[in-house]
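The values are calculated or read from the model by the stated rules, or taken from the named source; none is laboratory data. The structure presented is a predicted model; accordingly, all values stated were derived computationally and were not measured. Note that each Cβ is placed from the backbone with ideal geometry, even for glycine, and that neighbours are counted across all protein chains shown. These area figures cover heavy atoms from the full protein model, side chains too; ligands, DNA and RNA do not enter into them. Shrake-Rupley method; radii C 1.70, N 1.55, O 1.52, S 1.80 Å.
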Amino acid sequence: MMTPDLDKSIVEHAYARWAPIYDAICGPVMLKGRRAAAAEARSLGGKILEVGVGTGLSFDDYDHTTEITGIDLCEPMLEKARAKMATGRYPWVKGVQVMDAHRMAFPDATFDCVVAQFVITLVANPEQVLSECHRVVKPGGRIILVNHLYSEVGVAAAVERWTAQRTRGLGLRPEFPFARLQAWAQSNKDAILVERRKIAPFGIYTLVCFERTPAPLAA
Ligand SMILES: C[S@@+](CC[C@H](N)C(=O)[O-])C[C@H]1O[C@@H](n2cnc3c(N)ncnc32)[C@H](O)[C@@H]1O
């Protein structure tokens, strides 16, 4: 049995509490997943939107070939990201701002790539967020997600279901199925699922990549 999607205010409050300790705890634990997603985005280069950028832990994973814009629901998380920007070490980060991924203020086809690391399972309406990401990415551009996804069978699945009931207030959701991401792509004629890959060494995190169908060549 899957738990319902998380409520926006639960997530906002949970991450306001996470902000002071987030880098110390989630920095090392999620490092491999975060790096894998950023490396994929960096290989495309150009204008990259980080949805749920949080404290800006990924800033180190980009370089001058990219221009990073970050959005997040939670101001205390963004304050940490702004402190990193103020060091001057990340000239490729153009800016971060409070914005809900369900309703982004960017025009259509603004970015070459949209990255969401450890975000899609937490949002109130994952399909709506995917559609927003799809809207703001250029034709031929990609949406790159990384997350822990539901194991679906065996002991791991049982543990995830048990944990799910107890960690909602922390803004965590360990039992979100891949099938939901796949179904979104299947229901959108311009979205192609191009990659689903477990991240080494333990395969705890999965990288999922969608492409927006390239615009047809002019005759
Ligand atoms: C687990 S943290 C991941 C942060 C960062 N991507 C990382 O890898 O360290 C999830 C982030 O998503 C943000 N978030 C959750 N729902 C959101 C929404 N609807 N719009 C924008 N950000 C959201 C949270 O505030 C939080 O900062």
Q.
For the stretch 64-77, check the following and say yes or no: at least one residue is part of a helix (DSSP H, G or I), within 9 Å of the ligand (Cβ to nearest atom) and in contact with a Gly (Cβ under 6 Å, 6 or more places away or on another chain).
A. yes
Q) Considering only residues of the stretch 91-147 that are within 12 Å of the ligand (Cβ to nearest atom) and charged (D, E, K, R), which is most open to solvent (accessible area, probe 1.4 Å)? A) 103
Q: Mind listing whichever residues of the stretch 42-63 are more than 8 Å from the ligand (Cβ to nearest atom) and part of a helix (DSSP H, G or I)?
A: 42, 43, 44, 59, 60, 61
Q | Filter pass, residue 11 being in contact (Cβ under 8 Å) with a residue 40 or more places away in the chain, in a loop (DSSP other than H, G, I, E, B) and out of contact with any Ser or Thr (no Cβ under 8 Å at 6 or more places or on another chain) | A | no
Q.
Test of understanding: among 39, 16, which residue is free of Cβ contacts under 8 Å to residues at least 40 places away in the same chain, surrounded by fewer than 18 Cβ atoms within 10 Å (Cβ to Cβ) and either more than 8 Å from the ligand (Cβ to nearest atom) or under 25 Å from residue 139 (Cβ atoms) (or both)?
A. 39
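Residues being outside any helix (DSSP H, G or I) and surrounded by 12 or more Cβ atoms within 10 Å (Cβ to Cβ): count how many of those fall in the stretch 79-90. Full working, then the answer.
As a first pass, look at the stretch 79-90 and keep what is outside any helix (DSSP H, G or I): 87-90.
With the extra rule that they be surrounded by 12 or more Cβ atoms within 10 Å (Cβ to Cβ), the set shrinks to 90.
Residues meeting the conditions: 1.
Taking the stretch 78-90 as the search range and keeping residues that are among the hydrophobic types (A, V, I, L, M, F, W, C) and within 11 Å of the ligand (Cβ to nearest atom), which one is nearest to residue 38 (Cα to Cα)? Give the derivation first.
Step one: list which residues in the stretch 78-90 are among the hydrophobic types (A, V, I, L, M, F, W, C), which gives 78, 81, 83, 85-86.
Adding the requirement that they be within 11 Å of the ligand (Cβ to nearest atom) leaves 78, 81.
Details: 78: 18, 81: 16 Å.
This residue is 81.
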Q: From (1) assigned to a helix (DSSP H, G or I); (2) within 11 Å of the ligand (Cβ to nearest atom), pick out the condition that doesn't hold for residue 6.
A: (1)
Q: Would you be able to say whether some residue in the stretch 22-31 is more than 8 Å from the ligand (Cβ to nearest atom), open to solvent by 50 Å² or more (accessible area, probe 1.4 Å), at pLDDT 95 or above and in contact with a strand residue (DSSP E or B) (Cβ under 8 Å, 6 or more places away or on another chain)?
A: no
